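The values are calculated or read from the model by the stated rules, or taken from the named source; none is laboratory data. Model, not experiment: these values are computed from the prediction. All Cβ positions, even for glycine, are placed from backbone atoms using ideal geometry, and neighbour counts span all protein chains on display. Accessible surface is based on the protein model in full, side chains and every heavy atom, while ligands, DNA and RNA are left aside. Shrake-Rupley method; radii C 1.70, N 1.55, O 1.52, S 1.80 Å.
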Amino acid sequence: AAQGNQAEANATIEEALAASPDSLTLLWAKATFLEQANDIDGAIGIYEDIYAINSNSPIIANNLASLLATYRTDEESLERAYTIGRRLRGTEVPPFQDTFGWILFRRGEIEEAITYLEPAARGIPNDPIVQFHLAQAYEAAGRQIKALERYRMVVDLAGDTDPRPQIQTALAQIAALEAAQTTE
């Protein structure tokens with residue numbers, strides 16, 4: 001996979017899983033590949049299985065909670081993400097801060113979310129989705145100038161042709177916030 005041979009990497013993971021179907025490391029690798037291939041439901045299913053076996057792993061908990069909070073919009077998934085992600089409260093690990101901050105944002109706890117999303121954005125400055133999460137929180141908190149700056153950063157990092165919905169939302173919000181500035 002590191003050499004760009006995704007198909008070979010996937011085939012190797014499948015072959016290894018056939019020989020060792022309960023390997024948490026192999027299942028984790030498969031979930032990562034599924035997520036990268038935008039098979040979010042498949043990735044969530046595997047993380048749910050791994051979490052059922054090893055709920056003590058903060059990385060597995062983070063990954064599962066993050067996928068649930070980012071890609072599912074139903075209340076049940078959000079509450080499951082919160083239940084799993086509560087252990088991340090007080091964390092200083094940027095990916096965990098992003099996950100917990102995004103969960104808080106989704107639950108409407110905007111100001112507390114910002115206290116997690118700001119350090120996450122500083123700790124992972126080149127990830128457009130982390131920057132997007134902070135932009136959304138700034139906008140919800142009424143900090144339009146900061147939101148606009150952060151949305152621009154999202155697009156600068158991802159490029160305006162990135163098809164992910166967060167990037168497309170960032171483009172739309174840039175236009176809306178710029179239009180609001182010209183009418184003020």
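Structural remarks
- Working note: Karplus 6.51/-1.76/1.60 with θ = phi - 60° gives region 86-91 the couplings 3, 4, 8, 4, x, 5 Hz, where Gly and Pro are set to x.
- Relative contact order, whole percent, for region 136-184 stands at 32, derived from Cα pairs under 8 Å and 6 or more residues apart.
- Region 61-164, dipole about Cα centre (Lys/Arg Cβ +1, Asp/Glu Cβ -1), debye to the nearest 20: 160 debye
- Label positions at Glu109 and Glu149, each projected 7 Å from the Cα along the C-beta direction, are separated by 2.7 nm.
- Of the options (1) 52, 48, 32; (2) 64, 34, 28; (3) 52, 38, 29, only one is Cα extents along the principal axes in Å as computed from these coordinates, and that is (2).
- Averaged over its residues, region 1-154 has an accessible area of 50 Å² per residue, based on protein heavy atoms and a 1.4 Å probe.
- When the solvent-accessible area of the chain is split by element, carbon and sulfur atoms take up 51 percent of it, the probe being 1.4 Å.
- Dipole magnitude for the chain: computed about the Cα centre from +1 point charges on Lys and Arg Cβ and -1 point charges on Asp and Glu Cβ, it is near 460 debye.
- Amide N of region 1-28 lying under 20 Å from the label point, which is placed 7 angstrom from the Cα of Asp49 along Cα→Cβ: 7-28
- Pair Thr182, Gln3: separation of 7 Å Cα→Cβ label points (nm): 5.2 nm
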